[in-house]
Amino acid sequence: MWASYDGAVVRSELGTLAAHGLDVTRSFCFWPDFVPEPERLDEEVLARFEDFLDAHVELGLGTIPTFVVGHMSGENWDPPWRGGRDLYRDVWLVSQQAWLGAELARRFGRHPAIVGWLVSNEMPLYGGPGATPEITAWARIVVQALRAGGADQPVSLGDGAWGIEVSGVDNGYSLRELAPLVDFVGPHVYPMQDDEVRQALTAAFTCELAGGFDRPVVLEEFGVTSDFASDEHAAGYYRQVLHTTLLAGATGWIAWNNCDYDDLRGQDPYRHHPFEMHFGLTDRTGRPKPQLEVMAEFSRLVRELSAGGWEAVKGEAAIVVPEHFERALPFTSEAYRRDIRDGLLQAYVAAREADLPVALVREQDGLPGEARLYLSPCTKLLSAPGLDRLRELASGGATVYLSYFAGSTANQRGPWITWLDELFGVRHRLRYGLVDPIEDDEVVLDLVEGLGDLEAGTRLRFRVAGEPSARSYLPVDPAGARVIAVDGEGRPAILRHRLGAGETVLCTYPLEHMAARTPGANPEDTWRLYAALASAAGVSRPVRVHDPRVLVGRLRGRETQTVLFVNCSADPVHAVPVLTPAVALEPSGSITLQPFGVAVARSTPTSTPTPEPAPGAGGVRVAASSEGRDAQL
């Protein structure tokens, strides 16, 4: 882009984005072009970059420059003078990165087009994994240099938020350590799933995982190449991701990317990764694709919300994130963390299908006590203090649900749930070194006692899947607990136990893991169980529907609430909102949703005052990453 810059093309592309309601781009200071030799910036490239910034101001846009750009679109690109030095550990090379940030901030930090900064583009792919102390030190040095150069705009790393707290894989980019250094967290999300609803909700789930570190979440990269999806399905994916991440708490969105650029077909990396040329919101001629129209629609919604500020309504129901997920504790394996993440995602899907105002809470943070319902899905691993805290929460009036899981491997097979018997009012009948296998292809649970809005006699069905160790149930005898449901053999399957002012609920089958290992599983009946638990726990759901294909979520403003209805299916759906007596919707009545469609309604004020949104909620950017159609990145 900088070697063969065309200001007219840039202005044309930016004009198309602005006309569709986008207000910011993410731009890339390609390291080999900007710094041809150590501590020397290419003045001709800088002049082009300044014109690029000026074009943004002319068209009412801002941009977020990324300055350590050594990775792009399936290939790494070193400046010729790097000489194989380590990007994190070589003091001289770290100083070169810091120098670049400081110099760009000194020259352009006051330019009105610049609204933020990113240190890198997916640095874990360029620098590779490393030790958390070393990567944290590298990040601190480079961010401090940027600030010292005069940059006072928001800063983040551009690392993709792929650290262990989000991915379960320890690459050294710990959000706990890095969040204090930055102003926002920016997930990059490109899921490949085997289930339509999990595919739709993975970005929202990722934003939830990234959102627990006292920093705003900007969905910094998402998108789809037209080589992997038709325009119609790409637009549906955009619509799902934008609205579900809004409900998950994201306050900014940057789509990958601006335009297609087929003219670069003979140039690396596009020569060997040709699908990378077709992520654009416009095609090679500049024609808007349907996904850009979706961005425009979403931009209008965000601007309406921004007028009064907003925050997602969530937290009365909480999914427990075990400490074992975000820490590589001694003599544990990555398989444990992979199982936890898959189970958490599936639980999140079921909770959203049940229209629960759900949030993720971390065991390592002490499990805050605001929720009425705590869901601990497919739980093999909890710490002793975490179990004590769940007991405390139940005794204080909450409902705590846990489903059994022996693990997917034979390593220390079985639940690490000390005090399971006394917490759940049972006597387990496990045998050392063995599991109690599920023999059938389907688990059928019959309620012998009502639970929430599920009446006695209700039947729940679940497809069986998973590894041999995981396809097992927990044999128990009640020892104070009431049996709520039995399996096909008459064995206790769901048990309810009074504990102080609250209660615990135990499921003896790994429902969430079985669904997570089943292609095309959703919707499946776990959402009905979660809905019943929410009703029994008194979780507020003033607007909901009975169709799990439609997800309902709320956004709280100063005077009203906005309700989103998201169709996660490829079918047209006619949904009838179920309202509590104190709530009315505008427009009222039933809602018809197109495949993967979204409907928006406003709820009138309830009988109790609506709390004001959190300070700063509603600061929004809807954007595209800027790539030149005709030139080198």
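The values are calculated or read from the model by the stated rules, or taken from the named source; none is laboratory data. These numbers were taken from a predicted model, which means no experiment stands behind them. Glycine gets a Cβ as well: all are built from the backbone with ideal geometry, and neighbour counts include every protein chain shown. Side chains are part of the model used for accessible areas, which takes the heavy atoms of the whole protein and leaves out ligands, DNA and RNA. Shrake-Rupley method; radii C 1.70, N 1.55, O 1.52, S 1.80 Å.
Observations, loosely collected:
- Neighbour-limited loop hits for GluC sites (Glu not before Pro), the stretch 336-375 (at most 12 other Cβ within 10 Å; DSSP other than H, G, I, E, B): 370
- Here the stretch 149-205 is assigned +1 on the Cβ of each Lys and Arg and -1 on the Cβ of each Asp and Glu. Its dipole about the Cα centre then comes out at about 40 debye.
- Annotation note: chymotrypsin sites (Phe, Trp or Tyr not before Pro) in the stretch 420-502 located in DSSP loop regions with a Cβ neighbour count of at most 11 within 10 Å are 432.
- Here's the picture: charge each Lys and Arg Cβ at +1 and each Asp and Glu Cβ at -1 in the stretch 138-286, and of 219, 174, 154 the one pushed furthest to the positive end of that dipole is 154.
- Angle between the chain longest axis and helix 43-58 axis [Cα atoms, degrees, rounded to 10]: 60 degrees
- Only one residue of 369, 396, 384 has its Cα farthest out toward the positive end of the dipole of the stretch 343-484, where Lys and Arg carry +1 and Asp and Glu -1 on Cβ, and that residue is 384.
- One decimal place: the segment residue 4-residue 421 gains 143.1 nm when fully extended, by the rule 0.36 nm per residue minus the C-alpha distance.
- Each Lys and Arg adds +1 at its Cβ and each Asp and Glu adds -1 at its Cβ; summed about the Cα centre, the chain shows a dipole of about 1460 debye.
- Between the Cα long axis of helix 132-148 and the first principal axis of the chain there is an angle of about 40°, rounded to the nearest 10.
- Projecting label points 7 angstrom from Cα along Cα→Cβ for residue 107 and residue 230 puts them 4.8 nm apart.
- Distance between the modelled labels on residue 12 and residue 214, one decimal in nanometres: 4.9 nm (7 Å Cα→Cβ projection).
- Neighbour-limited loop hits for chymotrypsin sites (Phe, Trp or Tyr not before Pro), the stretch 283-358 (at most 11 other Cβ within 10 Å; DSSP other than H, G, I, E, B): 331
- Values (1) 45, 28, 22; (2) 56, 28, 22; (3) 39, 32, 26 are given for comparison; semi-axes √(5λ) of the Cα gyration tensor in Å, derived from the coordinates here, is the one labelled (1).
- Between 0 and 90°, nearest 10: helix 7-19 axis offset from the chain longest Cα axis: 30 degrees
- Accessible area expressed per residue, the stretch 271-342, with surrounding protein chains retained (probe 1.4 Å, Å²): 42 Å²
- For the stretch 1-61 and the stretch 447-523, distance of Cα centres in Å: 57 Å
- Relative contact order [Cα under 8 Å, 6+ residues apart], the chain, whole percent: 15 percent
- Under the simplified labelling scheme, the residue 265-residue 95 pair shows an inter-label distance of 4.8 nm, with each label point 7 Å from Cα along Cα→Cβ.
- Of the residues 592, 38, 130, the one whose Cα sits farthest towards the positive end of the charge dipole of the chain is 592 (charges of +1 on Lys and Arg Cβ, -1 on Asp and Glu Cβ, taken about the Cα centre).
- Accessible area expressed per residue, the stretch 155-266, with surrounding protein chains retained (probe 1.4 Å, Å²): 27 Å²
- Potential lengthening between residue 409 and residue 477 on full extension [0.36 nm per residue; Cα-Cα distance subtracted]: 21.9 nm
- Take every DSSP beta bridge whose two residues both sit in the chain; close to 55 percent of them are antiparallel.
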